[in-house]
Amino acid sequence: MKRKKVVLLGSTGSIGTSTLKVAGEIPERMEIVGLAAANSVQALAQQAKETGAKHVAIYNPEKEAELRALVDEDVQVYTGLDGLVKLAELEGADMVLVAIVGTAGLHPALAAIEAGKELAVASKEILVMAGELVMAAAERKGVKVLPVDSEHNAIFQCLEGHTGGEKEISRLILTASGGPFRTWDADKLVDVQLEQALKHPTWEMGRKITIDSATLFNKGLEMIEARWLFGVEMDKVDVIVHPQSIVHSMVEFSDSSVLAQLNTTDMCFPIQYAVTYPERVGTGLKPLNFAEIGKLEFEAARRDVFPAIDLAVRAGTKGGTLPAVYNAANEVAVDAFIAKEIGFTDIWKLVEKVMDAHEWNPGKSLDELIAADADTRVLAQRVLESI
């Protein structure tokens, strides 16, 4: 199999740096040809030197001169959203891996598909906000959409070789660590402090996603992603709490058989599989030691205590602009919680109130979905003042 040429959008974040680690481990299979970051000029320039990438983009146009001064003269520099789109369409690239936080990854993702590139997705917004549009475009162009999130990558692996479509699938079962409060009584959650919410029992992550894990909003977002990525209705997407985070997700088939995907907690596993698919490549990634693990535990998700899951089912079932509203309202709520403007349980309350107040529409274009995102943030700020 030839070496895959990859454009990496969001190269200085955690997924981006893990992707570069994978590229360093399998240079015969993966070449980084383009890199993009939002503001981290020095890190981006250093990555360009280390990978030899000749195309780089900085989303903040005010950083262009600084970046040009740091990279070699033969490196092409792009800026802004147009720059991300140009990288996504880069001639000669085989795959575009989007690990950009927020809505900035939407246009490049669709541009990559239109240009016939494989799309590897690590940004939740792409499939949460525009899953229907993205998957329809991918089908029309005959382009593969490969998941990088560990849960969706696990389901992708479990479904490999099964061609029966939705009728063959009984349930997609996403596993959740349960976060730091999985055993807490509901009445105690009112008093949760920011410092407590930021102590995840399994993963080292950024503030936003760590709090999303504590509220289970991350799992709600993943449910909506799975609904579009794998072409199933929301009633076939389920969640089970699995504190060890060894089983990354499972598929229950129509004959009641279940396939699960397991590996140690390292994001390099799903990244590598997305890049080398359909082949597997041996590297230095740590294998599982089942004798050391001893046992695997599973618990029902407490939907009555953590309403994010049922709100996600509502958003994913209704579709249109409502998933974008779910995502944007949660972002505003998390920011408010970090700023200590609202309590922990107010995060769910704010999102539900915004969803109730939203004027829904089918969201048939990217512009409509982005507008819904922007309108939701304004609405959420108004609702925030009433909490």
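The values are calculated or read from the model by the stated rules, or taken from the named source; none is laboratory data. None of these values were measured; they are calculated from a predicted model. A quick note on method: Cβ atoms are made from the backbone with ideal geometry, for glycine too, and the neighbour counts reach across all protein chains shown. These accessible areas exclude ligands, DNA and RNA; they are computed on the full protein's heavy atoms, side chains included. Shrake-Rupley method; radii C 1.70, N 1.55, O 1.52, S 1.80 Å.
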(Q) Against the definition (free of Cβ contacts under 8 Å to residues at least 24 places away in the same chain and either of a type outside the set (F, W, Y) or not in a strand (DSSP E or B) (or both)), how does I209 come out, yes or no? (A) yes
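For every residue, the table says whether it meets (1) on the phi > 0 side of the Ramachandran plot; (2) of a type in the set (G, A, S); (3) under 10 Å from the mean Cα position of the chain (by Cα).
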{"residue": "H107", "(1), (2), (3)": "no, no, no"}
{"residue": "E114", "(1), (2), (3)": "no, no, no"}
{"residue": "A122", "(1), (2), (3)": "no, yes, yes"}
{"residue": "V128", "(1), (2), (3)": "no, no, yes"}
{"residue": "A136", "(1), (2), (3)": "no, yes, no"}
{"residue": "K141", "(1), (2), (3)": "no, no, no"}
(Q) Which residue is nearest to H152 (Cα to Cα), if the candidates are limited to segment 242-256 and must be open to solvent by 10 Å² or more (accessible area, probe 1.4 Å) and of a type in the set (A, V, I, L, M, F, W, C)? (A) M250
Q: Scan segment 91-109 for residues that are outside any loop (DSSP other than H, G, I, E, B), closer than 17 Å to K5 by Cα and either touching a residue at least 60 places away in the same chain (Cβ under 8 Å) or not hydrophobic (A, V, I, L, M, F, W, C) (or both) and report the count.
A: 5
Q | Per-region count, segment 272-306, residues open to solvent by 60 Å² or more (accessible area, probe 1.4 Å) and more than 23 Å from D238 (Cβ to Cβ) | A | 12
Q | First in segment 110-134 and more than 19 Å from V275 (Cα to Cα) and without any contact (Cβ under 8 Å) to a residue 60 or more places away in the chain, second anywhere and surrounded by fewer than 24 Cβ atoms within 10 Å (Cβ to Cβ) and among the small types (G, A, S), Cβ under 9 Å, 6 or more apart | A | E114/A137
Q) Would segment 358-371 turn up any residue that is touching a residue at least 40 places away in the same chain (Cβ under 8 Å), open to solvent by 30 Å² or more (accessible area, probe 1.4 Å) and under 30 Å from T264 (Cα atoms)? A) no
Q.
Please count how many residues of segment 55-74 are closer than 22 Å to K21 by Cα and touching a strand residue (DSSP E or B) at 6+ places or on another chain (Cβ under 6 Å).
A. 4
Q: For residues that are in contact with a strand residue (DSSP E or B) (Cβ under 9 Å, 6 or more places away or on another chain) and part of a loop (DSSP other than H, G, I, E, B), scanning just segment 135-178, find the one that is farthest from E279 (Cα to Cα).
A: G178
Q. Given the conditions (1) within 30 Å of P27 (Cβ to Cβ); (2) of a type in the set (S, T, N, Q); (3) over 20 Å from the mean Cα position of the chain (by Cα), and given that N263 satisfies all but one, which numbered condition is not satisfied?
A. (3)
Q: Considering only segment 1-90, give the strands (runs of 3 or more DSSP E) lying wholly within it that have at least 3 residues that are out of contact with any Gly (no Cβ under 6 Å at 6 or more places or on another chain) and open to solvent by less than 80 Å² (accessible area, probe 1.4 Å).
A: 4-9, 30-37, 76-79
(Q) So K208 ticks every box in (1) of a type in the set (D, E, K, R); (2) under 15 Å from the mean Cα position of the chain (by Cα); (3) open to solvent by less than 50 Å² (accessible area, probe 1.4 Å) but one. Which box is left unticked? (A) (3)
